[in-house]
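Let me begin by presenting the structure, written as C-alpha cells, before commenting on it.
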Amino acid sequence: GYADAFRDYARAHPGRWAALQRRAGPAAVAAPSAVDVVALTDAVLRDYAVPPAERVHVVRLLGSTVNGFVNLERVGSFDHSAPAPEQSWERVVDALDALLRAWPTPTEDPS
C-alpha cells in the first residue's frame, strides 16, 4: 500500500509529482506533509526487523526504487515491450518486501 500510494499519486498528479523532484531544504523537510510522510514510513518499517541505524538506508532504497520506476513509467520507458508495467510493478513491490524482511544486519568494523 505504501509504494502504491506514491505511484497512484504520481499518476494522478504528474505535475505535482514532478514538482516534488527537487532538493529538499530545511523548510520542505519541516513542512507538515513531509512530517506525515516520515511518520507513515516509520509506521511501515515497524513491521520489519530493520534496526533503527539502518532505516536511512531503507528509506533511500524505497525512495530511489519507487521514484525510479514511477519516473521511467511516466516518460514512457516501458511502452515498447510486454508485459505491462503493472506486472513489473507487482514484482518490484514483492521484491522490496522480501528484501526488507531479510534486511542484512551490518557487521561491526573491527578497525
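Residues in the range 5-52 that are open to solvent by 80 Å² or more (accessible area, probe 1.4 Å), within 24 Å of residue 106 (Cβ to Cβ) and not β-branched (Val, Ile, Thr): 46, 47, 49, 52.
Could we say that residue 55 is surrounded by 13 or more Cβ atoms within 10 Å (Cβ to Cβ) and more than 17 Å from residue 89 (Cα to Cα) here? Considered against the rule, which asks whether it is surrounded by 13 or more Cβ atoms within 10 Å (Cβ to Cβ) and more than 17 Å from residue 89 (Cα to Cα), residue 55 comes out as yes. Residues that are free of Cβ contacts under 8 Å to residues at least 12 places away in the same chain and over 16 Å from residue 86 (Cβ atoms) were ranked within the range 1-17; the one that is farthest from the chain's Cα centre (by Cα) is 15.
Of the residues that make up the range 83-100, is at least one over 18 Å from the mean Cα position of the chain (by Cα) and open to solvent by less than 60 Å² (accessible area, probe 1.4 Å)?
Yes, the range 83-100 contains a residue that is over 18 Å from the mean Cα position of the chain (by Cα) and open to solvent by less than 60 Å² (accessible area, probe 1.4 Å).
For the range 54-92, name all the residues that are among the aliphatic types (A, V, I, L, M) and touching a residue at least 24 places away in the same chain (Cβ under 8 Å).
58, 61, 62, 66, 70, 92
Answer yes or no as to whether residue 73 is open to solvent by less than 50 Å² (accessible area, probe 1.4 Å) and not aliphatic (A, V, I, L, M). So residue 73 passes the test.
The values are calculated or read from the model by the stated rules, or taken from the named source; none is laboratory data. Treat the numbers as computed from the prediction; the structure is a model and nothing was measured. Using ideal geometry, Cβ is built from the backbone for each residue, glycine included, and neighbour counts are taken over all protein chains shown. Surface areas here come from the heavy atoms of the whole protein model, side chains and all, with no ligands, DNA or RNA. Shrake-Rupley method; radii C 1.70, N 1.55, O 1.52, S 1.80 Å.
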